[in-house]
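Each remark here refers to the structure printed beneath this line.
The values are calculated or read from the model by the stated rules, or taken from the named source; none is laboratory data. For clarity, every value in this text was computed on a predicted model and none was experimentally measured. Cβ sites come from the backbone with ideal geometry, for glycine too, and all protein chains shown count toward neighbours. For the accessible areas, the whole protein counts, side chains as well, though only heavy atoms, and no ligand, DNA or RNA atoms are used. Shrake-Rupley method; radii C 1.70, N 1.55, O 1.52, S 1.80 Å.
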Amino acid sequence: MFSVIYKLQHCQFHLSDSNELLIDAYLAVRDNVDELIELLSSYQNTLEEFERVRAWDRDDEYSKRSRTQKASRLIYLNKTCYNGLFRVNDKGEFNVPFGKYNSPTICDEANLRACSQALQGVQIEVLEFDQVLTRIGRDDFVYLDPPYEPISVTSSFNSYTTRKFDEVDQTRLFKFCQRLTSKRARFLLSNSSAAWLRLLYEKESKFTVGRVKARRSINSDGKGRGEINEILVRNYR
Ligand SMILES: C[S@@+](CC[C@H](N)C(=O)[O-])C[C@H]1O[C@@H](n2cnc3c(N)ncnc32)[C@H](O)[C@@H]1O
């Protein structure tokens, strides 16, 4: 995504997601990269530190922490937790265990600065995907990267928020893609190759469904890691 933004600097970009933590992290990278780097440089890769930082969201004081502090926590946990997973429990508390990696790069300063540079001028907001519809017009391009529909019960791992993205949401997203098409906007959507979902998109004559192999290191089930089949759906040639 960042390299696309770099290459198309004449375009206006909007980024949105319903996960406030993720959006706060993008905003901190865009607006407070020096402070973010300083905070990230102070964390240790130890079980004690990991448990202390992970427990922030069990504390009443958490809501008073700054956006940059919350972003540093998210990045730190992502780099040091088991397999880089993001998962929360029913109370919205991050619950992935310590990853026990030898020397994870907790603070990749050059990369953070490059991402910050790329995000300058990008509009970044917490939004449900269907709230974006009224802002999209003819010739806009929309990339959709939703929670992947589980292929099997054991591969189900889409708890990015306390609310699961279920079959009703996937169907709502399919209808959203039809509305984008009516508005003459172009879209590209990635998802798993779950059979019912692939058939749903394949039966819409205005859509083209391609299959690709993608490398995935994020899966709670070790057998689900490595190369997996995904679909790429688009409404343009
Ligand atoms: C496969 S991840 C994509 C991650 C993202 N591209 C990133 O920058 O890390 C799926 C994303 O969909 C988001 N999501 C889930 N339900 C949503 C909804 N109803 N509207 C908008 N975003 C949603 C999740 O918060 C999660 O970040």
Of all beta bridges DSSP finds with both residues in the chain, what is the antiparallel percent, to the nearest 5? 65 percent
Under 15 Å Cα to Cα from Lys175, which aspartates and glutamates show up? Leave out anything in the same chain fewer than 8 places away. Glu128, Asp130, Asp166, Glu167, Glu202, Glu204
Among trypsin sites (Lys or Arg not before Pro) in region 104-139, those in a DSSP loop whose Cβ has at most 14 other Cβ atoms within 10 Å are Arg138
Report Glu125's accessible area, 1.4 Å probe, all protein chains in place, as a number in Å² to the nearest 10. 50 Å²
Taking all pairs of distinct alpha-carbon atoms in the chain, Kirkwood radius in angstrom: 19.5 Å
Tell me what the chain gives for mean residue ellipticity at 222 nm when only DSSP H runs of n ≥ 4 count, each as -39,500 (n - 2.57), the sum divided by the residue total, rounded to 500 deg cm²/dmol. -10500 deg cm²/dmol
In terms of Cα to Cα distance under 25 Å, which lysines are near enough to Lys64, apart from those fewer than 8 places away along the same chain? Lys79, Lys91
Are there trypsin sites (Lys or Arg not before Pro) in region 1-96 that DSSP marks as loop and that have at most 11 other Cβ atoms within 10 Å, and which are they? Lys91
